[in-house]
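Taking it in order: structure first as structure tokens, then the write-up.
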Amino acid sequence: MAGKRELKESAGVTTPIAPSPLGVNVFTAPGKPMFGERPKPFGEALGFDPITSTLIFGEYDAVLVDAMTTVAEAEALADWVALHNRNLETIYITHAHFDHFYGLSILLDRFPSARAIATPKTLKAMEMSFTAPVERLARRLFPGQLATKFVAPQPYEHETFTLEGQELRIIEQGHTDSADTTSLYVPSIGLVVAGDVVYNQCRMFVGDTTPESRKHWIAALDRLAALNPTMVVAGHKKPGAPDSPSAIQETKRYLQDFDRVKKAATSDQDLFDQMTELYPHWVANQSWLMFGFPQ
Ligand SMILES: [Zn+2]
């Protein structure tokens, strides 16, 4: 696999060889229906927002961030990863929500030499997704669409790992759209793979937030903005939307608008309608994202 480097070394090159810049490619699975009734009688039919996985790759090796939800998504993702013709070393899971890792067993079957990792805090928060009630709920919402077995990533205790010698830095973000989330930062290429800290033209899961946690979420966004990234991949985005750093400020604005409108709204429907009006072009206009996951 290291043929090119060996050639240069055997030719007696003594100066260090600058690493090639890493590449990035983003896979977006479209939104999909969920089986069941909407928790509120307004908004689009029950469904799940479009979701992303990100491949970061060097000359030979690659790292995948997040592993999708359904078998169909994970298989399509695995095929797409294979097209890059790199050795998949690591699958990094950003946070504990099952939409980002129920597909992991499919990926590991296809790439058995890859290691799947997440922070110990994320793993702790993930335990809930392996309990019988949550598994039952997920299988009811996505009947016949989920893997027969779910696997957890391994705990990864360090703040950084590498891809072909270049650093990938884990940023602990605490509670954003769920507990103990993270983002991944690749300084050499100015890339932030934000996980669900950033949403891109896609309605955000604010159904599990409080005024306090929204402040915390905004602080997490400010942390990402301070890195001055050139590319930001959101955990959920409108298919085709550019992975622009402006998504950080747009996510922040949505949270601030939600906070303000929620205080003055006369009813849940009023809140929902006002947010719909403020963000007419954002996808996934489902009331559960605002009022809580369907039970
Ligand atoms: Zn998510």
| task | Quick one: order 181, 276, 160 by neighbouring beta-carbon count within 10 Å, fewest to most. | result | 160, 276, 181
| query | Taking the Cβ of residue 259 as the center, what net charge do the other residues with Cβ under 10 Å away carry, scoring Lys and Arg +1 and Asp and Glu -1? | reply | +4
| Nearest 10 degrees, 0 to 90: what angle lies between the long axis of helix 71-83 and the longest principal axis of the chain (Cα atoms)? | 30 degrees
| field | Between helix 132-141 and the chain: long-axis angle, C-alpha atoms, 0 to 90°, nearest 10 | value | 80 degrees
| task | Compute the acute angle (0 to 90°) between the alpha-carbon long axis of helix 246-264 and the principal axis of greatest extent of the alpha-carbon atoms of the chain; round to the nearest 10°. | result | 20 degrees
| said: Using the crude model of +1 on Lys and Arg Cβ and -1 on Asp and Glu Cβ, and no other charge, please compute the dipole size for region 188-295 relative to its Cα centre, in debye to 20. | reply: 200 debye
| query | When the dipole is taken about the Cα centre of the chain, and only Lys, Arg (+1) and Asp, Glu (-1) are charged at their Cβ, what size is it in debye, to the nearest 20? | reply | 200 debye
| request: Post the alpha-carbon centroid distance, region 233-284 to region 135-167, in whole angstrom. | output: 27 Å
| field | Cleavage-rule hits (GluC sites (Glu not before Pro)) in region 9-101: DSSP loop, at most 11 neighbouring Cβ within 10 angstrom | value | 37
| So, counting K/R as plus one and D/E as minus one, what does the shell of residues with Cβ under 11 Å around residue 288 add up to? | -1
| Amide H to amide H under 5 Å from residue 91: which residues, 5+ apart in sequence or cross-chain, H placed 1.01 Å off N in plane? | 64, 115, 116, 117
| Options 286, 219, 276, ranked by Cα towards positive dipole end of region 210-295, top entry (Cβ charges) | 219
| message | Given the options 201, 153, 143, identify the residue whose Cα lies farthest towards the positive end of the charge dipole of region 120-277 (+1 on Cβ of Lys, Arg; -1 on Cβ of Asp, Glu). | response | 143
| query | For the chain, what relative contact order do you get, as a whole percent, if you take Cα pairs closer than 8 Å and at least 6 residues apart? | reply | 19 percent
| field | Relative contact order (%) - region 31-90, alpha-carbon pairs under 8 angstrom, separation at least six | value | 28 percent
| remark: Dividing the helical contributions, -39500 (n - 2.57) per DSSP H run of n ≥ 4, by the residues of the chain yields a 222 nm value, nearest 500 deg cm²/dmol, of -10000 deg cm²/dmol
| request: Starting at the first residue of region 61-69, write each ³J(HN,Hα) from the Karplus equation 6.51 cos²θ - 1.76 cosθ + 1.60 with θ = phi - 60°, in whole Hz, x for Gly and Pro. | output: 10, 8, 10, 9, 10, 6, 10, 6, 10
| query | Given the pairs 121/262; 40/124; 215/263; 40/262; 121/252; 149/238, which are separated by over 19 angstrom at their Cα positions? | reply | 121/262; 40/124; 121/252; 149/238
| remark: Within the under-11-Å Cβ sphere about residue 209, not counting residue 209, Lys/Arg +1 and Asp/Glu -1 give a net charge of -1
| region 175-197 residues near the modelled residue 259 label - backbone nitrogen below 14 Å, point 7 Å along Cα→Cβ | 176
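Counting only DSSP beta bridges with both residues in the chain, tell me the antiparallel percent, nearest 5.
Around 60 percent of the beta bridges assigned by DSSP in the chain are antiparallel ones.
Can you tell me the dipole magnitude for region 188-231 around its Cα centre, using point charges on the Cβ only (Lys, Arg +1; Asp, Glu -1), in Debye to the nearest 20? Each step should come with its number before you reach the end.
Working: 4 positive and 4 negative charges, 16 e Å.
About 80 debye.
Where a number appears in this text, it was derived from the coordinates with a stated rule and is not lab data. Owing to the predicted nature of the structure, the values given are computational and were not obtained by experimental measurement. As a convention, Cβ positions derive from the backbone with ideal geometry for all residues, glycine included, and neighbour counts pool all protein chains shown.
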